[in-house]
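Note sheet for the following structure.
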Amino acid sequence: MRQAPRVLLRDVYWSFSEPVPQSSAALIKAASAYAADIEAQDPRDALMEGLPFSDVHLKYEYGERSSGGEWRDIEASVRVVGEARSRLTGADVLWELHVAFAATVGNDDHHFFEGLELEDNGTIHEPPTYRVLLGS
């Protein structure tokens, strides 16, 4: 099995506190406008580029306040699978993340996307697993 890239989408800037785009194509437009607002490089090419897999596990953490007021970290994951098992693009992955994050990470202090870092290369039967890097 081929080694998955160690990091992905490190030069794509996005905030999960932004409104959820209607599709991955709409996310590309929104991310380009967001990059222009913060004077960063346009992420269009990185988001449109095909990734070397059609299926991926993405792990992340978010903070949740208990009824007693204490904060705790919640570990969560989302699996993204390309249509008809076609290769995913960066936009596919980022859009699916945003949909999954809308009610949790978008309201958290650490809601800025900082890329994906490989945790597990996967197997013939399981896709690679990436950690979603989030900042504040």
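Once the range 118-136 is narrowed to residues that are open to solvent by less than 30 Å² (accessible area, probe 1.4 Å) and of a type outside the set (Phe, Trp, Tyr), the residue that is nearest to HIS98 (Cα to Cα) is VAL132. Would you mind stating whether LEU118 is closer than 18 Å to ARG10 by Cα and assigned to a strand (DSSP E or B)? The answer is yes for LEU118. For the range 108-117, the criterion of being open to solvent by less than 40 Å² (accessible area, probe 1.4 Å) and touching a helix residue (DSSP H, G or I) at 6+ places or on another chain (Cβ under 6 Å) is met by at least one residue.
So which residues in the range 1-13 are surrounded by fewer than 17 Cβ atoms within 10 Å (Cβ to Cβ) and either in a helix (DSSP H, G or I) or in contact with a helix residue (DSSP H, G or I) (Cβ under 7 Å, 6 or more places away or on another chain) (or both), if there are any at all?
Within the range 1-13, just ASP11 meets the criteria.
All conditions in (1) free of Cβ contacts under 8 Å to residues at least 40 places away in the same chain; (2) open to solvent by 10 Å² or more (accessible area, probe 1.4 Å) hold for VAL99, with the sole exception of (1). Taken over the range 14-41, the residue count meeting the criterion of being touching a residue at least 24 places away in the same chain (Cβ under 8 Å), farther than 14 Å from HIS111 by Cβ and either in contact with a helix residue (DSSP H, G or I) (Cβ under 6 Å, 6 or more places away or on another chain) or surrounded by 18 or more Cβ atoms within 10 Å (Cβ to Cβ) (or both) is 5.
Of the residues making up the range 42-75, those that are in contact with a strand residue (DSSP E or B) (Cβ under 8 Å, 6 or more places away or on another chain) and open to solvent by 90 Å² or more (accessible area, probe 1.4 Å) are MET48, GLU49, ARG65, TRP71, ARG72, ASP73, GLU75. Inspection of the range 79-87 identifies at least one residue that is in contact with a Gly (Cβ under 9 Å, 6 or more places away or on another chain), modelled with pLDDT under 95 and outside any helix (DSSP H, G or I). Selection of the range 14-47 for residues being assigned to a helix (DSSP H, G or I) and under 14 Å from the mean Cα position of the chain (by Cα) yields SER24, LEU27, ILE28, ALA31, ALA46, LEU47.
The values are calculated or read from the model by the stated rules, or taken from the named source; none is laboratory data. Nothing here was measured: the structure is a model prediction, and the numbers come from that model. Using ideal geometry, Cβ is built from the backbone for each residue, glycine included, and neighbour counts are taken over all protein chains shown. Note: areas computed on protein heavy atoms with side chains; ligands, DNA, RNA excluded. Shrake-Rupley method; radii C 1.70, N 1.55, O 1.52, S 1.80 Å.
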